[in-house]
Amino acid sequence: MEDSPRDLELTLAALEKCQLANDIVIARDGAEAVDYLFSTGQYADRADGDPTVVLLDLKLPKIDGLEVLERVKRDEKLRHIPIVMLTSSREEQDLVRSYELGVNAFVVKPVEFNEFFKAIQDLGVFWALLNEPPPGYRQNGAN
């Protein structure tokens, strides 16, 4: 869930380079992210299954990333979805609050292009290929 067109473009390019760009769902704001994750609104008829991982921006329009994180981690059916807060914020309070709400990882976006590209590739490889999901995980293949 990313609202910056530049960061979104770089993220998709990095995931495509390591062949992880299949089945990516993009939400432009927190409300759309919530609709997708909870299968409501425009996503009421989406296929069953959960994302492999959610890359979540802290500062999203409509509903911010912390609120999205809190809603997902409070929900019995969705709390197992790994959520990575991918943000430009270096505020300690954002880091602390994210972990209090159950974030799985907090990554500060590197400003430099090559560093950002490499960080996204590493995240994609870890969550899609290396991480073992819990038994019975209802994955739909979307990241």
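The values are calculated or read from the model by the stated rules, or taken from the named source; none is laboratory data. Note that this is a predicted model, so its numbers are computed, not measured. All Cβ positions, glycine included, derive from the backbone under ideal geometry; neighbour counts span all protein chains shown. Just so you know, the surface numbers come from the protein's heavy atoms only, side chains and all, with ligands and any DNA or RNA stripped out. Shrake-Rupley method; radii C 1.70, N 1.55, O 1.52, S 1.80 Å.
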Exercise. Obtain the nm distance between the two label points defined at E91 and E132 by a simple spin-label model: each point lies 7 Å from its Cα along the Cα-to-C-beta direction.
Key: 3.8 nm
Quiz item: Carbon-plus-sulfur fraction of the accessible area of region 21-92, 1.4 Å probe, in percent?
Solution: 44 percent
Quiz item: L56's amide H: which non-local residues (gap 5+, or another chain) put their own amide H closer than 5 Å, with H modeled 1.01 Å from N in plane and none for Pro or chain starts?
Solution: V84, M85, L86
Quiz prompt | Contact order relative to length of region 18-82, as percent, for alpha carbon pairs under 8 angstrom and 6 or more apart | solution = 32 percent
Self-check item: Förster-model FRET efficiency, 22 Å R0, A44 and D23, C-beta, rounded to 0.05
Solution: 0.70
Quiz item: Could you give the length gained on full extension between D75 and K59, defined as 0.36 nm per residue of separation minus the Cα-Cα distance, in nm?
Solution: 3.6 nm
Exercise. Search the structure for amide H atoms under 5 Å from the amide H of S89, placed 1.01 Å from N in the peptide plane, and list their residues when 5 or more places away or on another chain.
Key: K109
